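The structure appears right after this line, and notes come after that.
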Amino acid sequence: MKSHTPRAELSLGTAAGSLSDGSVTRMAVATLIAVFSFAAFLPALSNEFVNWDDYENLVGNPRCRGLAWSQLHWMFTTFHMGPYHPLSWLSYAFDYLIWGKNG
């Protein structure tokens, strides 16, 4: 009769189980895409405001400089300079609260 001896196996364990070669490859590709995307947009962090619509939308617009009820109401009801985009206004308000006008 053969005795069953357990073998120690080496695996890349995670909470969901072991990683296969395919998932390691997918993670490597996703990481490379993220790194290249970050590198491509890195120069944008040192840019200033442009003369297209930044002054009208951000610099000269006190309604996107906070999250008071009147500002929130404006963000969710305005068609300022064209399209309806309340999530963009919320993003601008959070940016202003975190970094001020220089953000």
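Structure notes:
- Label-point separation, residue 51 to residue 90 (7 Å along Cα→Cβ), nm: 3.5
- Peptide packing for 85-96, 29-40, 69-80 was compared via the average number of neighbouring C-beta atoms within 10 Å per residue; ordered from the highest value, the list is 85-96, 69-80, 29-40.
- Working from label points 7 Å from Cα in the Cα-to-Cβ sense, the residue 26 to residue 40 distance is 2.2 nm.
- Gyration tensor verdict on the stretch 48-102 (Cα atoms; rounded if a/c is under 1.5, prolate if a/b is larger than b/c, oblate otherwise): oblate
Every number in this text was worked out from the coordinates using simple rules, so none of it is lab data. None of the values given here were measured: they were computed from a predicted structure. Please note: Cβ atoms are built from the backbone with ideal geometry, for glycine as well, and neighbour counts cover all protein chains shown.
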